Amino acid sequence: MIRDYLQDALKLLMPETPNWYGWAKIDSNGNKIPNDQRMQTQHVVVNSTYSGTVTRPTDQEINSKVAELKNAEPMRVLREERNRKLAETDWWCASDRTPTQAQLDYRKSLRDLPSTAKPKLDENGNLTGVTWPNKPE
């Protein structure tokens, strides 16, 4: 699934008022903006609820936050998948069990991945560039 970085960026720019923004319906020339074209930086407006209390960030500030989120996304996805794999094996370390050395090594390799991997996302948002450790039996 491809993330909506623009809406995430808008919420993060003003975390104390995450619903501060909306989308213009009419452009500066008075023309109706088609629904499928509204969700663009240049069409971001301050919701009437926050008019006078919130200042709209500049397009540059918005685009900078979008770029920051896009750049961080591969590592976020890696950590999410890594955490899922760790959770699957938490039972190995239950108080009534002794994990094997292979199991301990596997879990350590998973924990070390963020510092050793160079993850990327393909055009479909799938994680690439990560060599996952082999899960022992």
Next item on the list: Within segment 1-31, count every residue that is over 12 Å from the mean Cα position of the chain (by Cα) and in a loop (DSSP other than H, G, I, E, B).
Entry: 14
Check: Filtering segment 32-51 down to residues that are within 17 Å of VAL66 (Cα to Cα) and at pLDDT below 90, which residue is farthest from the chain's Cα centre (by Cα)?
Finding: ARG38
Next item on the list: Return the residue satisfying two criteria in turn: it lies in segment 42-62 and is touching a helix residue (DSSP H, G or I) at 6+ places or on another chain (Cβ under 7 Å) and surrounded by fewer than 15 Cβ atoms within 10 Å (Cβ to Cβ), and of such residues it is nearest to GLY22 (Cα to Cα).
Entry: GLN42
Notebook entry, point to check: Could you count how many residues in segment 16-31 are within 23 Å of SER64 (Cα to Cα) and of a type in the set (Gly, Ala, Ser)?
Noted result: 2
Note to self: Name the residue that is nearest to ASN134 (Cα to Cα), counting only residues in segment 93-119 that are hydrophobic (A, V, I, L, M, F, W, C) and surrounded by 16 or more Cβ atoms within 10 Å (Cβ to Cβ).
What the structure shows: LEU110
Notebook entry, point to check: Among the residues of segment 63-81 satisfying the criterion of being touching a Pro at 6+ places or on another chain (Cβ under 7 Å) and of a type outside the set (A, V, I, L, M), which is surrounded by the fewest Cβ atoms within 10 Å (Cβ to Cβ)?
Noted result: ARG79
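The values are calculated or read from the model by the stated rules, or taken from the named source; none is laboratory data. Not measured: the values here are computed from a predicted model. Note: ideal-geometry Cβ built from the backbone for every residue, glycine included; neighbour counts use all protein chains shown.
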